[in-house]
Amino acid sequence: MNAAVTRSVRRHSVGWLVAANAVGLLLAVLLLRPGLNDLLAPLTYGRWMPLHLNWQLYGWCALPLVGVLFRFYLPDDDRAASAARFALGCWTATLFFGGLTWLAGQVGGKAFLDWTGAARSLWALAGLILWLVLMRQAARRNPLPAAWAWALLIALGAVPFVLYWAAGPGVYPAVNPDSGGPTGASLLGSTLGVIAIFGLLPWLLRLERVAGARTRWGCAAAFALSLLLYAGLGQGNTSHHQADQIAGLGSLALWIPLVWFYARSFVWARATRCWLAAAFAWWLLLVLTGWIGFLPGFSERVKFTNVLVAHAHLALAGLVTSLDVALLLQLGPGRAPRAGSFWLWQLGCAVQLGALFWLGWREGADPALLFGRGGPADLAYGLRLLGGGAMFAASVDWWRTYSSHATT
C-alpha cells in the first residue's frame, strides 16, 4: 500500500482515539464530581456521551479496518493515494460534524446510532464515497481481485444504506419493550460475525502462510458447526435459565484456541505480536466474564450495573484496541509505539476494568451506594479516572509516533 495512505490511516485512526479518550476523561471527571456539570451547562454529561461512544466506534474501531481494505484493494500509486485520502477526509469531517450535532442535543437515543438530521445523511454519504473509492480503485488494480473479494466488496456497498435505515426513528425504539435483552443465541451469532471478520483479516492483509499449516481448514469446519449450533438454538425472547442458551454462549470459549492457532498459521510482523497476544488475553477474559455474567443469579445481580460498563470497556479498550494497533502496524513500514506505552495502556485498562467490575458487583447488592459521597463509588470512579488518564497518555504517545515520517 502507498506509504502516504498508510500514514493517513494511522493518523486519522489514532487521532480519533485521542479525541474520544479526551472526552472519556471529561466524563470520568464528571462522574467523580457531578457538580461540575453546572459549570458546563448545557454541555453536560449527556451531551458528551455520544461523542465518546461514536468517536470510539466509527473513528478508532472502524478506520484500521478501512486501512485493511485499502491495503487489499488499492493500487500502490499516487492516484489511488489521493482518492483514499479524500475518502478519509470525508469520513473525519462527517464525524466532526456529527460531534457538533450531538453536543447540540440532536441525538436519536439509540446507542451508536445517534445520527439524525443532516448528520445522518452526511454519514451515509461518507460511507458511500468510501465504497465508491474502493470499487473504482479495485478495478484499476493489476492483477484484479479474486471473485470472493469482489463479492465481499459488493456486499459492503449495502452498509451505508443499512446504517442510514437503522438510525431512523421508525425502525425500532431506543428502548424496545418487546425485547427481553440479549440471549445466548444472539450473543453467539454476533460474536461469530466478529470471528468471521478476523478470519478474513490475514487474507485481506495478504499475509504469507506458514508452510504446512492446516489450521484454517479446521477453523472453517468449526465455523460451519457453530453456525448449525446457532441455527438450532431458540431465538427471540428465550430465557437465560435455559440450558441451550447457556451452552451456546459457553461454546465461544472453544474459539479462542482455534483462532489463536489459525492466526499462527500466518506470518505477522514482529511488532504486532505483543498486541495480538494482548488481544487474545482480553478476549479470553471477555468470554469468561460474559458467560459468567449471563448465568442465572449472576445476571440478575449485574444487569444494568457498572459490570456491563466494564464489559463494554473490556471489549473495546482491551480486545479491539489491541487488535487495531496490530492492524495499523501490519499496514506497512513505520515506527512502532514504544513498549512503555503498550504497558501503560494495558495496565491503565486493567485498573479501570477492575474498579468498574468491583463497583458493579457491590452496586448490584446495594444500588444506593452510587449516591453516597466519599464511599466505594468515589474510590472506584477515582481509579477509573486514573486508569483512563494512563490510557489517554498512551494514545497521545501513539499519535506522536504515527505523526512521524520515520520508517523502520
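Where a number appears in this text, it was derived from the coordinates with a stated rule and is not lab data. Since the structure is predicted, the reported quantities are computational estimates derived from the model, not experimental observations. Counting neighbours? That spans all protein chains shown, and the Cβs are built from the backbone with ideal geometry, glycine included.
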Self-check item: Meets criteria (among the aromatic types (Phe, Trp, Tyr), within 19 Å of the chain's Cα centre (by Cα) and surrounded by 22 or more Cβ atoms within 10 Å (Cβ to Cβ)) for residue 112
Solution: no
Quiz item: Considering 62, 146, 138, which residue is out of contact with any helix residue (DSSP H, G or I) (no Cβ under 8 Å at 6 or more places or on another chain), surrounded by 14 or more Cβ atoms within 10 Å (Cβ to Cβ) and not basic (Lys, Arg)?
Solution: 62
Quiz item: Hey, among 106, 137, which residue is more than 22 Å from the chain's Cα centre (by Cα) and touching a residue at least 60 places away in the same chain (Cβ under 8 Å)?
Solution: 137
Practice problem: Take region 280-328 and flag every residue that is of a type in the set (D, E, K, R) and either without any contact (Cβ under 8 Å) to a residue 60 or more places away in the chain or more than 21 Å from residue 388 (Cβ to Cβ) (or both). | Solution: 300, 301, 303
Quiz item: Considering region 345-389 alone, what residues qualify as being in a loop (DSSP other than H, G, I, E, B) and under 17 Å from residue 308 (Cα atoms)?
Solution: 366
Quiz item: In region 367-380, is there at least one residue being out of contact with any Ser or Thr (no Cβ under 8 Å at 6 or more places or on another chain) and surrounded by 21 or more Cβ atoms within 10 Å (Cβ to Cβ)?
Solution: yes
Practice problem: Quick one: which helices (runs of 4 or more DSSP H) lie wholly within region 1-92 and hold at least 2 residues that are under 30 Å from residue 374 (Cβ atoms)? | Solution: 3-32, 37-40, 45-54
Quiz prompt | residue 69, sole failed condition from (1) surrounded by fewer than 23 Cβ atoms within 10 Å (Cβ to Cβ); (2) within 15 Å of the chain's Cα centre (by Cα) | solution = (2)
